[in-house]
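The values are calculated or read from the model by the stated rules, or taken from the named source; none is laboratory data. Please read all numbers here as calculations on a predicted model, not as lab measurements. Positions of Cβ are generated from backbone atoms using ideal geometry, with glycine treated the same way; all protein chains shown enter the neighbour counts.
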Amino acid sequence: MVDRPRMDEADPLSWMREQMPVLRTLGAAGEPLAGTTVGVASHLEPSTGFFIETLHEAGAEVLATASQADSTHDDVVDHLDSLERVETFADASMDDDALDVAHRRLLDCEPELLLDDGAELVVKAHDDVSDVAGAVRAAAEQTTSGVSRVEAMADADRLRVPVYRVNHTPMKHQFDNVHGTGESALTNIAMITNTIIAGRTVVVAGYGYVGKGVARKARDLGAETVVTEIDPRKALKARMDGHRVVPMAEAAAEGDLFVTATGNCRVIRDEHFERMPDEAMLANVGHMDVELDLDALRERAVEVTETDQGITRYHLPDGRRLDVLARGRLVNLTGPFSQGHPAAVMDTTFGAMFVAGRDLADGPVPEPGVHDLPDDLDREVAELKLDAMGIAIDELTDKQAAYLDSWNREETLAEWESERS
């Protein structure tokens, strides 16, 4: 078991250190990042703050910025700015334009390694404005949308550095995406609206790992769950998992709560708003705030009011009211009470990002392109988490390992039987 640190109420990262034993262990294991300048883009809330502090303890010089506007905690930024070798490029007042300038200021400092969210830094490092990719040695990406962006760059022959797709490793998508986003999204929706999920019809757009988590958690809370999809395999998986699957045009007329989780744009648009029942609620957990076509909703509305913190009400000509939560941005990170994913889940995500950065900084890097995180690194994070939880597992015996490696397993078993006799 890993020793737990004492908590300090005046320290914004105190609770994170208590709840994130994987990062504590990694940060205490020497300085593998000494001499490396690391650029970090993520939501600057307390768990990210501890991740940056861990990189700092590992010897890195850290340049930190937010991956999106509206999710920055100024007390976390102030704490990070108090550390030597850490410089921040964000504050809570920034809008999208100001954050774009901050990203470019960070890149002008020529970080060698990028640990990214949404590929915000990787894309800007390669565009015609900055084009500072030559200074970057490698990168790692923690989100689904970010991986899709760097894969598109690679397909277009625009990616000049190797990128580990940490999001696709089991310790990320099976825990952060399913349990982290799924649970925190519904928790924040309930807090913002002071309503319960049970008894409602919840429509989830997209059945990737995030959508799967939202739909599963909503059903566990007593909701009737409806899934919309464009991929026939994911749609079939959703149906076999017990959710009803229909097109959005049909779901729009039934839903009490709509949650978009696709990574695409204008998933819910004007023809869907036209069919929604009075007081339907709309929320987004996709990376960008483009999944809800709010321009179309604004044009349709005769009045727009702020009914409470984090709730924007659109009054339609026929008397219906549609409530958009957190302005269509990430509801679990930009709502008025949002803290992001639970710390215990972010512990493994940031643990995976840490070992990815350590590997890229410490040894030869792969060729430019998008690469899976090496399996042994993912297993290292899992083992650290199990150890912190006090959970032991079995190990393969030599004979079991040989059996799994053999194509002629009957012959392998026969050899062992003859040895025993």
Whichever residue in the range 142-187 is within 22 Å of Ala343 (Cα to Cα) and among the acidic types (Asp, Glu) and, among such residues, is modelled with the lowest pLDDT: Asp176
Pairs where the first residue, in the range 305-329, is outside the structural domain of Phe273 (by TED's automatic domain parsing) and the second is in a strand (DSSP E or B) and buried (at least 17 other Cβ atoms within 10 Å of the Cβ), C-beta under 8 Å, 6+ apart: none
Near pairs, Cβ below 8 angstrom, 6+ apart or cross-chain, from the range 75-100 (in the same structural domain as His43 (by TED's automatic domain parsing) and within 26 Å of Val290 (Cβ to Cβ)) to any residue that is in a strand (DSSP E or B) and of a type in the set (A, V, I, L, M): Phe89/Leu63; Phe89/Ala64; Ala90/Ala64; Ala90/Ala66; Met94/Ala66; Leu99/Ala66
Check on Asp117, touching a strand residue (DSSP E or B) at 6+ places or on another chain (Cβ under 9 Å) and either in contact (Cβ under 8 Å) with a residue 24 or more places away in the chain or buried (at least 22 other Cβ atoms within 10 Å of the Cβ) (or both): yes
Members of the range 207-245 that are touching a strand residue (DSSP E or B) at 6+ places or on another chain (Cβ under 6 Å) and not small (Gly, Ala, Ser): Tyr207, Val214, Arg219, Glu224, Thr225, Val226, Val227, Thr228, Arg239, His243, Arg244, Val245
Qualifying positions in the range 328-344 - assigned to a helix (DSSP H, G or I) and either crowded, with 24+ Cβ neighbours inside 10 Å or at pLDDT below 90 (or both): Val331, Asn332, Leu333, Thr334, Ala343, Ala344
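Conditions (1) under 26 Å from the mean Cα position of the chain (by Cα); (2) in a helix (DSSP H, G or I); (3) crowded, with 17+ Cβ neighbours inside 10 Å, marked per residue:
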{"residue": "Val324", "(1), (2), (3)": "yes, no, yes"}
{"residue": "Phe350", "(1), (2), (3)": "yes, yes, yes"}
{"residue": "Met353", "(1), (2), (3)": "yes, yes, yes"}
{"residue": "Ala356", "(1), (2), (3)": "yes, yes, yes"}
{"residue": "Ala361", "(1), (2), (3)": "yes, yes, yes"}
{"residue": "Leu373", "(1), (2), (3)": "yes, no, yes"}
{"residue": "Arg379", "(1), (2), (3)": "yes, yes, no"}
{"residue": "Tyr403", "(1), (2), (3)": "no, yes, no"}
{"residue": "Leu413", "(1), (2), (3)": "no, yes, no"}
Conditions (1) over 22 Å from the mean Cα position of the chain (by Cα); (2) surrounded by fewer than 17 Cβ atoms within 10 Å (Cβ to Cβ); (3) not hydroxyl-bearing (Ser, Thr, Tyr): number failed by Met288: (1)
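Results for (1) of a type in the set (Ser, Thr, Tyr); (2) touching a helix residue (DSSP H, G or I) at 6+ places or on another chain (Cβ under 7 Å); (3) buried (at least 17 other Cβ atoms within 10 Å of the Cβ); (4) assigned to a loop (DSSP other than H, G, I, E, B), shown as yes or no for each residue.
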residue	(1), (2), (3), (4)
Leu23	no, yes, yes, no
Glu31	no, no, no, yes
Gly39	no, yes, yes, no
Phe50	no, yes, yes, no
Thr65	yes, yes, yes, no
Conditions (1) part of a loop (DSSP other than H, G, I, E, B); (2) touching a Lys or Arg at 6+ places or on another chain (Cβ under 9 Å); (3) hydrophobic (A, V, I, L, M, F, W, C); (4) within 27 Å of Phe337 (Cβ to Cβ); number of the one not met by Val129: (4)
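A quick yes/no check of all residues on (1) more than 30 Å from Gln309 (Cβ to Cβ); (2) of a type outside the set (D, E, K, R):
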| residue | (1), (2) |
| --- | --- |
| Gln142 | no, yes |
| Ser148 | yes, yes |
| Arg158 | yes, no |
| Thr169 | yes, yes |
| Ile192 | no, yes |
| Thr201 | no, yes |
| Lys217 | no, no |
| Leu236 | yes, yes |
| Pro247 | yes, yes |
So Ser93, is it crowded, with 23+ Cβ neighbours inside 10 Å, hydroxyl-bearing (Ser, Thr, Tyr) and under 21 Å from Gly335 (Cβ atoms): no
When residues of the range 277-304 are limited to those that are out of contact with any strand residue (DSSP E or B) (no Cβ under 7 Å at 6 or more places or on another chain) and at pLDDT below 95, the one farthest from Asn177 (Cα to Cα): Val290
Members of the range 132-155 found to be in a loop (DSSP other than H, G, I, E, B) and either within 28 Å of Gly211 (Cα to Cα) or among the hydroxyl-bearing types (Ser, Thr, Tyr) (or both), listed by number: Gln142, Thr143
Test result for Ser148, of a type outside the set (Asp, Glu), touching a residue at least 24 places away in the same chain (Cβ under 8 Å) and not assigned by TED's automatic domain parsing to the domain that holds Asp347: no
Subset of the range 154-183 [among the β-branched types (Val, Ile, Thr) and closer than 14 Å to Met346 by Cβ]: Val166, Val178, Thr181
